[in-house]
1. State to the nearest 20 debye the size of the charge dipole of segment 201-246 about its Cα centre, where the only charges are +1 on K and R beta carbons and -1 on D and E beta carbons.
2. For the chain, build the charge dipole from Cβ charges (+1 Lys, Arg; -1 Asp, Glu) around the Cα centre, then report which of LEU111, LEU98, SER23 sits farthest towards its positive end.
3. Which of the GluC sites (Glu not before Pro) across segment 174-261 are loop residues per DSSP, with 15 or fewer other Cβ within 10 Å?
4. Just want the answer: with Cβ charges of +1 for Lys and Arg and -1 for Asp and Glu, which residue in LEU249, PRO300, PRO5 is farthest toward the dipole's positive end in the chain?
5. Counting other Cβ atoms within 10 Å, keep those with at most 15, restrict to DSSP loop, and tell me which chymotrypsin sites (Phe, Trp or Tyr not before Pro) in segment 47-138 are left.
6. Using the Cα centre as the reference, give the magnitude of the dipole from point charges on the C-beta atoms of the chain (Lys, Arg: +1; Asp, Glu: -1; all else neutral), rounded to the nearest 20 debye.
7. Quote the charge dipole size of segment 184-388 about the Cα centre in Debye, to the nearest 20; the model charges only the Cβ of Lys and Arg (+1) and of Asp and Glu (-1).
8. If contacts are Cα pairs under 8 angstrom and at least 6 residues apart, what is the relative contact order of the chain in percent?
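The values are calculated or read from the model by the stated rules, or taken from the named source; none is laboratory data. Quick caveat, the model's predicted, so the values are computed rather than measured. Counting neighbours? That spans all protein chains shown, and the Cβs are built from the backbone with ideal geometry, glycine included. All accessible areas refer to the heavy atoms of the entire protein, side chains included, with ligands and DNA or RNA removed. Shrake-Rupley method; radii C 1.70, N 1.55, O 1.52, S 1.80 Å.
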Amino acid sequence: MILPPATLGLLGGGQLGRYFTISARNMGYRVWVLDPDPDSPAGRLADRHLLAGFEDRGALAELAAHAAVVTCEFENVPAASAEWLAERVLLRPDPGALSVAQDRIVEKRFLQDAGVAVAPWLPVEDVDAARAAVPDWSFPAILKTARLGYDGKGQVPVSASGGVARAFRRLGEVPCVLEQRVDLEREVSVVLARDPDGRCRCFPVAENAHRGGILHLSRVPARVADEVRAQAEAVAQHIAERLDYCGVLAVEFFLAESGQLLVNEIAPRPHNSGHYTLDAVTVSQFEQQVRAVCGLALVPAELVAPVAMLNLLGDLWPNGDAPDFSRLLSRGRARLHLYGKPEARPGRKMGHVNVLGVPGETDASQPVRLAETLWAELRAFETEGVADG
Ligand code: ATP
Ligand code: MG
């Protein structure tokens, strides 16, 4: 076990890292964050912020020299850096898991080898492949860059095979996957933690609604049959086992109208759809990450009350000014989280709010309604703010 006051290293300084830092420091650990952004949400709360890029060998060496274990809050750590670090310090999850999650082609091949169902897809790695792409399934489809996509960025819808080459050019002719568009019944996700001995704990399944390719609202419990819930958990655990994973892992699923459960993608870190655990579960995904990478016992993750998690995007900050949170904060069931980002931009995740329902109830409709009301109130402010000047 890695015990406090050991130093934990963190690659990435975003909001996911901010909560990891808070959890770790709460438990008496020291946290060193590596991130090139001087205003990074986690860097501001860390014991030490190594202000450097992820390829900076000097900074990586400092992290390796001081940290008892290093983990990540974002998957796009260059493979060479991850491997270099792993030769010098415990890196959890390991470079193999990171490399699977950072490339959609590698990820889909890995999932299929593991016997996990994914949407029909084709690799499109060059112009010739783009021109020749005639899958044996039907369109519409989505062309997605294999690397570095997030929040729906790096994706172009394609309605027929003739459009693949055009979409490929629009995406900059980088390696892509062509993925069939699934008729969705719902989207759900499973966040789990796995310790160094392979013991696993799943968080309750979340149901996720997106707007404009970005997560808008998660509700827990998800409105799915018990068998679907059990299947999602089993698939997520199977993936973690195949990766011999240590840390927190998120698995995003499509529940197709046909009833089939398909894996969309995996994230080797805590996940936006797991933010509800900060207020509605006996342990947060971030404390569980600390516990998993340090080899402590994982906490049984039990839902305390139904919950709706609403993302607060920069669109709600007209002219860069914070919205009026007075109505939101006058409700005791609405728990506000802001990430301390100094600059708001449309689509940028600035914070979220967890709206709690009544403990013991099994349905999240009431917190979902309140979350949507709060969102409408904040947006009313957004248009007022714009009108005022
Ligand atoms: P994030 O960072 O939010 O996870 P991302 O950029 O990695 O997003 P995806 O998860 O691939 O992108 O897609 C974002 C959303 O777009 C999905 O959650 C889903 O709502 C929709 N989507 C993506 N691919 C498909 C598909 N094949 N069929 C139907 N909907 C899709
Ligand atoms: Mg996704």
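1. Approximately 260 debye in magnitude.
2. Going by the charge dipole, the pick is SER23.
3. On the way: sites: GLU179, GLU185, GLU187, GLU207, GLU227, GLU233, GLU241, GLU252, GLU257; in loops: GLU257.
When the GluC sites (Glu not before Pro) of segment 174-261 are filtered for loop state and at most 15 Cβ neighbours within 10 Å, GLU257 remain.
4. Of the candidates, PRO5 comes out farthest on the positive side.
5. Passing both the DSSP loop test and the Cβ count: TRP137.
6. That gives the chain a dipole magnitude of about 420 debye.
7. The dipole magnitude comes to about 320 debye.
8. Over the chain, the number comes to 14 percent.
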